[in-house]
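No value in this document is a laboratory result; all are computed from the given coordinates. Remember, predicted model here, so these are calculated numbers, not experimental data. Neighbour counts are summed over all protein chains in view; Cβ atoms, including those assigned to glycine, are modelled from backbone coordinates with ideal geometry.
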Amino acid sequence: MNPVFFAIAALAATPPNILLICIDDLGYTDVSFQGAEFVTPNIDALALGGLRFEQFYVQPSCTPTRAALLTGRYPFRTGLQTLNTIRPATHEHIPTDVTILPEALKKLGFATHIVGKWHMGSASWNYTPTARGFDTHYGFLQGGQDYYNHNISNGQYVGFDFFRNRDYILPEVLGKYSLDVLKEQTISIIRTHDASTPLFMYLSFQTVHAPIQAPPANAEAEARCSHIEYQLRRDYCLKMQALDFALGEIMTEYKAAGLLENILGVFLIDNGGQVEVGSGIFDTFYTRSSGSNFPYRGGKATCFEGGVRGVGFLFGGEQAFPANYQGQTSNKVLHVVDIPVTLLNAANISFPGRVDGFDMFKVVDGVIDDHYEIPLNIMGNATGNSAIRMGDMKYISPDQAYDGYFLPGITVINATDCTNGCLFNITADPFENNDLSAQYPGVVSMMKAKLQVYINSPNFMPEQNADVDPLGLPSEHDGVWMPWLD
Ligand SMILES: [Ca+2]
């Protein structure tokens, strides 16, 4: 064989090491490269050397985005669209007949690891990471927890939630800050990984989800946050410093292991920042947070841009992430469903089964169009908590969880009235100031009808039953939120 041809063939046949970093509840303006009032140098370095997306959409809350991230399908195809997310002791899960990203990578021969949050169902071990394509899981099965004691509550029920694969490991992690133990696990995986096998790492850290609990004291972090007067935001800054330090250390480990050149990385948020709302759904579940999406409107659990326009970028070493993408910015309209499709294409296979996503590289290259139409959320009826974007236009339904523009600790700036729904030209008016619904009632009708078309589709799956099963309560399992159906 011609040696040049052989070299090219060998390169193409080597799958990349895939590093998927999903940051929980990170606001659009909570990283310094997008205007935060504190620095995040390691995250900035990845972003500024990567391919940044200016119109990257996610779902308004954790479970729906993560379902889309793993399946390549909008969450209303799997019954996981509810903004309340999967709560402990319910039967909700990714349907087991839907192939998910780690399963496809496992078949290709990847080593597959998830470190951190799952939040994709835990009634049965069959719904959990080690039955869904991951070799290992170190972290928690529910949506969030106390950073030190690793308890999570659902109403009056409180239980522990931290596992190594299928064993709960209370003595190992009790009193230890979750980011620290998750980072140590990540480093351990990298150091012991056999470099002849491609590595898929899903880093799903707890940071920066509520509650706001500062990490153990660190002088450098405190120096970087001391200018912030408002304590909740200062503690938020400290959490972000810990995350930024951890990601810096992890990338150093990748380099030391010789894995860096062949990394294809994705960095995304799962929903907009949880802003400080005085009342509403968060007060019943978690304490306040202090994320910022400003100047975007709204935040987590709303379909305003502050809830769904995400921080998102691709990055990597030159072997897997060619130089022509490095340091670039794209204005294409993209969605979290695109990520698994892109990653599998990079590993030389198509995503098995039906998907809603596109290959992001092909979109950026202009080989295929970006999303003309994105259902930003559909709740099973088109009248509440829903939104759709079509071209420049965005329709947002009534009954969003809350509204306004939020500056941490200081101000809620009232927004124009959307209690009957709104229509925006999102290209001209990304901060959603100017409601056009009275001017273009026909467009509103058409977009509402389009939401209904999705609901009437045979591929629409109603929200799964979210009732609490008493057999899943911690009182049945030594104080642990433990799978119970097996
Ligand atoms: Ca989240």
| task | Give me the distance between the Cα centres of region 371-441 and region 16-46, rounded to whole Å. | result | 25 Å
| message | Under 5 Å between amide hydrogens, which residues at least 5 positions from Met393 or on another chain qualify, with H placed 1.01 Å from N in the peptide plane? | response | Ile426
| In the chain, what is the count of Lys pairs whose alpha carbons are under 14 Å apart, counting only pairs at least 8 residues apart or on separate chains? | 5
| Just in region 372-415: which chymotrypsin sites (Phe, Trp or Tyr not before Pro) are loop by DSSP and have at most 14 other Cβ atoms within 10 Å? | Tyr372
| message | With 10 angstrom as the radius, rank Cys237, Cys418 by how many other C-beta atoms surround their C-beta, starting from the fewest. | response | Cys418, Cys237
| task | Could you list the GluC sites (Glu not before Pro) in region 240-347 that lie in coil according to DSSP, counting only those with at most 14 other Cβ atoms within 10 Å of their Cβ? | result | Glu318
| query | With the radius of gyration and the Kirkwood radius both derived from the Cα set of region 376-456, what is their ratio Rg to Rh? | reply | 0.99
| note | Any residue on another chain or 5+ positions along whose placed amide H is under 5 Å from the amide H of Leu26 is listed here as Val208, Asp270, Asn271
| field | Filtered chymotrypsin sites (Phe, Trp or Tyr not before Pro), region 457-486: DSSP coil and at most 16 other beta carbons within 10 Å | value | Phe460
| request: Output ³J(HN,Hα) for region 257-273: one whole-Hz value per residue in order, computed from phi by the Karplus curve 6.51 cos²θ - 1.76 cosθ + 1.60 with θ = phi - 60°, and x for Gly and Pro. | output: 7, x, 9, 5, 4, 10, 8, 10, x, 10, 10, 8, 9, 9, 6, x, x
| task | List the cysteines in the chain whose Cβ has no other cysteine Cβ under 4.7 Å from it. | result | Cys22, Cys62, Cys303
| query | If you average over every viewing direction, what projected area does the convex hull of the Cα atoms of region 314-450 give, in nm²? | reply | 11.2 nm²
| Cα centroid separation - region 76-90 against region 287-335, whole Å | 23 Å
| remark: Quick numbers on region 16-371, Rg and Dmax over C-alpha atoms in Å, give 18.6, 53
| request: Please figure out what share of the DSSP beta bridges in the chain is antiparallel and state it in percent, rounded to the nearest 5. | output: 50 percent
| field | Helical mean residue ellipticity (222 nm; -39500 (n - 2.57) per DSSP H run of 4+; nearest 500) of the chain | value | -7500 deg cm²/dmol
| request: Count the net charge of all other residues whose Cβ sits under 10 Å from the Cβ of Ala466, scoring Lys and Arg as +1 and Asp and Glu as -1. | output: -2
| query | Under the Karplus relation 6.51 cos²θ - 1.76 cosθ + 1.60, θ = phi - 60°, what is the ordered set of whole-Hz ³J(HN,Hα) values for region 238-255, x standing for Gly and Pro? | reply | 5, 4, 5, 5, 4, 5, 5, 4, 4, 5, x, 4, 5, 5, 4, 5, 4, 5
| message | Taking 8 Å as the Cα distance limit and 6 or more residues as the minimum spacing, I'd like the relative contact order of the chain as a percentage. | response | 24 percent
